[in-house]
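The values are calculated or read from the model by the stated rules, or taken from the named source; none is laboratory data. Quick caveat: nothing in here was measured; it's all calculated off a predicted structure. Methodologically, a virtual Cβ is constructed for each residue, glycine included, from the backbone with ideal geometry; neighbour enumeration extends over all protein chains shown. When the accessible area is computed, the model is the full protein with side chains, heavy atoms only, and any ligands, DNA or RNA have been set aside. Shrake-Rupley method; radii C 1.70, N 1.55, O 1.52, S 1.80 Å.
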Amino acid sequence: KFTVMFAGAIGPAQDIDTVLQAARLLADMPEVEFIIAGEGTDRQRLQAEASRLRLQNIRFLGWRPADEMPTLLDEADVLLLHLRDDPLFRITIPHKTYTYLAMGKPVLAALNGDAADVVLTAGGGISCRPGCPEDLARTIRRLVEMPGSERRLIGQRGREAACRLYSRRLLVRQVE
């Protein structure tokens with residue numbers, strides 16, 4: 001399987017409804033699987049909606065302990081950073097942005113603003129318009145068709161940027 005993983009809070013801000021619609025559009029690609037790991041106010045509703053739509057290419061794992069997350073994220077081919085398009089979220093950088101980059105996997109930044117800028121400036125991923133299932137599906141198709149060597153290079157650039165620019169040690173020194 002080609003795994004697209006979203007990990008974290010599952011609420012209105014994350015707009016996982018768009019992910020469900022993209023999964024529906026990718027039903028013709030049985031090799032693509034979406035994994036949603038996390039908990040939140042929308043998880044049960046979204047899980048019921050995925051069942052209602054008979055989506056076979058999406059799994060909800062629920063909450064996972066922090067010590068399991070590196071192993072889980074390492075199993076993904078692409079890590080999905082997804083936020084609803086909102087002026088507040090354009091100036092928000094979810095902590096997982098840096099975690100995703102540090103994992104050395106390509107990041108699919110389906111959002112606008114500062115977080116997308118971090119991913120793109122690092123060379124650690126690609127972006128698409130938030131709230132647009134067609135664009136999300138099209139970008140995932142592009143990632144599936146991309147040579148594995150190119151995806152690995154994107155992931156490596158993201159990891160290098162995370163270590164070089166965003167490590168705690170470096171940032172604490174800057175604050176001090």
Q. Name the pairs whose Cβ atoms lie under 9 Å apart, with the first residue in region 164-175 and touching a residue at least 60 places away in the same chain (Cβ under 8 Å) and under 23 Å from G123 (Cα atoms), the second open to solvent by less than 70 Å² (accessible area, probe 1.4 Å) and among the polar types (S, T, N, Q), and 6 or more positions between them or separate chains?
A. Y166/T97
**Q.** Residues located in region 142-174, provided they are open to solvent by 100 Å² or more (accessible area, probe 1.4 Å), at pLDDT below 95 and not basic (K, R)
**A.** Q174
Q: Identify all residues within region 62-102 that are under 21 Å from E31 (Cβ atoms) and over 12 Å from the mean Cα position of the chain (by Cα); write none if there are none.
A: L72, D74, E75
**Q.** Condition broken by R64, with the remaining ones in (1) closer than 21 Å to M146 by Cα; (2) touching a residue at least 12 places away in the same chain (Cβ under 8 Å) satisfied
**A.** (1)
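Select the helices (runs of 4 or more DSSP H) contained entirely in region 20-139, then report the ones holding at least 3 residues which are open to solvent by less than 10 Å² (accessible area, probe 1.4 Å) and either closer than 15 Å to M5 by Cβ or touching a His at 6+ places or on another chain (Cβ under 6 Å) (or both).
Because the criterion is at least 3 residues that are open to solvent by less than 10 Å² (accessible area, probe 1.4 Å) and either closer than 15 Å to M5 by Cβ or touching a His at 6+ places or on another chain (Cβ under 6 Å) (or both), the helices (runs of 4 or more DSSP H) in region 20-139 that meet it are 96-102.
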